[in-house]
Amino acid sequence: MSVTAGGTAYSSADVTAGIQAGNEAYYNAGDKNELTQAEMDEIIAYANRLNIGIIPLLNTPGHMDAIIDCMESVNVAGTVAYNGSARTVNLENDSAVAFTKALVQKYIDYFAQKGCKYFHMGADEYANDAGGGFASLIYSGKYGLFGAYVNDLASMIIAEGMIPEAF
């Protein structure tokens, strides 16, 4: 899927390759580390036939290993990871935040069109691998960036008619 963020267009091939490489670096499950859209369409159709609701989850701003790898591979400007974290986006980097939000919006749109009622954004374990986690945000005076980011994502989800969830 292509992503346009901050006036820069990132090709579908480059974004897909970046995320696939990030998934494999995180955990290599062999030939299949992610579902295709066609496979997800099939899962949702099957769940709908059984009256089972699907709650999609795209965890952010933490647990973003593959997306951070992707941003680095497509040369998103600046330091995309927070304080040396392999998992958490740098909320002080406007380019990284714009890319992440544009990517998340693609998933919000897709799942809203499929009739999902909820969208889970994670929002937990901020930079635990870099030491300090939420405490480091509080002590550094940057917790407001986190709150604003999560509220922005919640607004994006609500705008598409879904209910936001977080851990």
**OP:** Find how many whole Å separate the alpha carbon centroid of the range 119-135 from the alpha carbon centroid of the range 34-79.
**Re:** 18
Original post:
Hey, with R₀ at 35 Å, roughly what FRET efficiency would THR4 and PHE134 work out to, going by the Cβ-Cβ distance, to 0.05?
Top reply: 0.65
Subject >> Burial ranking of peptide ranges 132-143, 13-24, 36-47 (average Cβ count within 10 Å, highest at the top) >> reply: 13-24, 132-143, 36-47
Subject >> Summed side-chain charge close to ALA166 - residues other than ALA166 whose Cβ falls under 12 Å, Lys, Arg +1, Asp, Glu -1 >> reply: -3
**OP:** Compute the signed sum of charges (Lys and Arg +1, Asp and Glu -1) over the other residues within less than 14 Å, Cβ to Cβ, of ILE54.
**Re:** -1
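Let me spell out the model: positive unit charges on the Cβ of Lys and Arg, negative unit charges on the Cβ of Asp and Glu, origin at the Cα centre of the range 67-159. What dipole size does that give, in debye rounded to 20?
300
Pull out the extension gain between ASP94 and ASP14, defined as 0.36 nm times the separation in residues minus the alpha carbon to alpha carbon distance; nm, one decimal.
Full-extension gain reported as 26.8 nm.
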Subject >> For the chain, calculated [θ]222 nm from helices alone, where every DSSP H run of n ≥ 4 adds -39500 (n - 2.57) >> reply: -15500 deg cm²/dmol
**OP:** Residues in the range 133-167, backbone N under 12 Å from the label point at ASP124 (7 Å along the Cα-to-beta-carbon vector): list them, ranges by number please.
**Re:** 166-167
**OP:** Quick one: accessible surface of SER95, probe radius 1.4 Å, all protein chains present, in square angstrom to the nearest 10.
**Re:** 50
Subject >> Radius ratio Rg over Rh of the chain, counting only Cα atoms, Kirkwood formula for Rh >> reply: 0.96
**OP:** With just the Cα atoms of the range 11-74, tell me how far they stretch along each of the three principal axes, in Å, largest first.
**Re:** 40, 25, 24
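Which pairs, out of LYS101/LYS142; LYS114/LYS142; LYS32/LYS106, put more than 25 Å between their alpha-carbon atoms?
From LYS101/LYS142; LYS114/LYS142; LYS32/LYS106, over 25 Å: LYS114/LYS142.
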Original post:
Averaged per residue, what accessible area in Å² does the range 1-73 show with a 1.4 Å probe, protein chains only?
Top reply: 59
**OP:** Among DSSP beta bridges whose residues both lie in the chain, state the antiparallel percentage, nearest 5.
**Re:** 45
**OP:** Treat each spin label as a single point 7 Å out from the Cα along the C-beta direction, and report the LYS114 to GLU42 distance in nm.
**Re:** 1.3
**OP:** Rank these by accessible area, largest first, 1.4 Å probe: ASP31, ASP94.
**Re:** ASP31, ASP94
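The values are calculated or read from the model by the stated rules, or taken from the named source; none is laboratory data. Model, not experiment: these values are computed from the prediction. Quick reminder, even Gly has a Cβ in these numbers, built from the backbone with ideal geometry, and neighbours come from all protein chains shown. Surface accessibility is based on the protein's heavy atoms, side chains included, excluding ligands, DNA and RNA. Shrake-Rupley method; radii C 1.70, N 1.55, O 1.52, S 1.80 Å.
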